[in-house]
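The numbers here are math on the coordinates, done by the rules we state, and not lab data. Since the structure is predicted, the reported quantities are computational estimates derived from the model, not experimental observations.
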Amino acid sequence: MGLIISSQFILTRCNFKIIQLMLKKEISLIPIEASSVTQILQICGDCKISSWTAKDYIDELKRSDSFSISCVTNHQKNTIGFIFVRLITSKHKDNLSFKKDLEQNLDFDEAEILNIAILPEYQGKGIGQIIFDCFVNFCISRRIHTIWLEVRKSNKQAQGFYSKNGFQIFYSRKNYYQNPVEDAFVMKVNLSFI
């Protein structure tokens, strides 16, 4: 049984300490708004992940095929972690039919994690897991069956997190990342529905 945060978010497999923080109203999961982008850019810098520009994040927030949530501290409203995801449907061949599919509220088949990060001082405390579990529950509720992502070949910590959550390396992309140039592993997980 999961902890219901709102009608949209159901969390499972949560770290007990994180649940205690949420019950004490110390942290919350909320949809990302444009006003949070400055804090998200700071997290990207602190985590040394390939960051987008502020405009990239704001543009992503405007997309109807995007999903994003953040974890914030309730006392200071500081963002301590986030996830950005693109929803994908295999039922469109061109941009025109894709727009039509969105208007018809077509179910998406797959999702791609575009960016996920937790402030270093909050890493290892279950925040990433709770954000990820919230996202997975969203996917299950939408009957999304596959999640994809890219991860730096040298980022063993992230690979361990993804492997723990069922992801497997599908293939690699040569020189995918810049600053520094590095190969990426493309990982995926297939979700099963109950």
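How much length, in nm to one decimal, is gained on full extension between Gln42 and Lys55, taken as 0.36 nm per residue of separation minus their Cα-Cα distance? Spell out each step's value before the answer.
Working: separation 13, 0.36 × 13 = 4.68 nm, distance 1.44 nm.
Extending this stretch completely gives an extra 3.2 nm.
Just to check I understand the Karplus step: with θ = phi - 60° and J = 6.51 cos²θ - 1.76 cosθ + 1.60, what whole-Hz values come out for the range 67-84, glycine and proline as x?
For the range 67-84, the Karplus-derived couplings read 10, 8, 9, 10, 10, 10, 7, 6, 6, 10, 6, 7, 6, 10, x, 7, 9, 10 Hz, x marking Gly and Pro.
Please count, across the range 149-194, the pairs of lysine residues with Cα atoms under 15 Å apart that sit 8 or more places apart or on different chains.
On the way: Lys153/Lys174; Lys153/Lys188; Lys156/Lys164; Lys164/Lys188.
Going through the range 149-194 pair by pair, I get 4.
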